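To start, the structure itself, in structure tokens.
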């Protein structure tokens, strides 16, 4: 009886190891299938960009590939070299890169307290200060009440930001101040590099469009060209926006009289910010829970299937042991 029990335990251990191997194999096969699908989609997309037109004959496809390679070499400087080209070509490409400089978006929020009845004069002084430093007024707002308040938003050249802020502080007593600077130098360089690459692609596609000999080639190249031109306009728009924000800084000035309900507004603002942060944290926690559930669910299903198989197959392999027990 003891020998049978030992034999049964060894067989059960062997069965568990086999089921574990099957589970691991299923997980690996699932990961390999996902990876193969992604690489297949990527290679299909790459082939669509450099391959021949849909439905074109074999000789026509080879000719279109040759023209694409030729025009790509011309667009990249006419060297005709492969990706491991000469040192001179690499040096010219490196010298064409823009110099990296500090590109910072500067903003400031300033709240001043002035003497009673001088809110209008303070706003006028702020407008004059912006004009002296080469800036302009974006908007002004006046609130008439027992304790009137006013606000103005001005934009000044980035190099005049600090001096303009100093002149505005002289208008009244500083009650609150917030200065922010966001460095976008890396985004500038990245957008410029992407734009140059897209413009080179546009040149190649325009030449291919002129050389197209079939309707299928023309349609395919036109579709690719439209996508490239759309990306070019999007990158140019983003660059113009960043250039405007970095060349001109924004200052928002709020002027109040003594006794204005600014403290209450600040308290309300702090509560609103705290509530917003609480909502963001809640959304982040729910998102993390969903991601964790999606990652664990397939493994849990496989483990459940293995457990069911074990319970179903165990009586068939060791019926005598089960009966003796």
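For region 172-192, how many residues meet the condition of being surrounded by 15 or more Cβ atoms within 10 Å (Cβ to Cβ) and part of a helix (DSSP H, G or I)?
Total satisfying the criteria: 3.
So which of 195, 208 ends up being more than 30 Å from residue 126 (Cα to Cα), assigned by TED's automatic domain parsing to the domain that holds residue 108, under 28 Å from the mean Cα position of the chain (by Cα) and part of a helix (DSSP H, G or I)?
Going through 195, 208 in turn, the sole match is 195.
Would region 142-155 turn up any residue that is at pLDDT 90 or above and out of contact with any strand residue (DSSP E or B) (no Cβ under 9 Å at 6 or more places or on another chain)?
There is no residue in region 142-155 that is at pLDDT 90 or above and out of contact with any strand residue (DSSP E or B) (no Cβ under 9 Å at 6 or more places or on another chain).
Being part of a loop (DSSP other than H, G, I, E, B), over 21 Å from residue 257 (Cβ atoms) and assigned by TED's automatic domain parsing to the domain that holds residue 238: is that true of residue 134 here?
yes
The values are calculated or read from the model by the stated rules, or taken from the named source; none is laboratory data. No experiment lies behind these values; they were computed from the predicted model shown. So basically every Cβ, Gly included, is an ideal-geometry build from the backbone, and we count neighbours across all protein chains shown.
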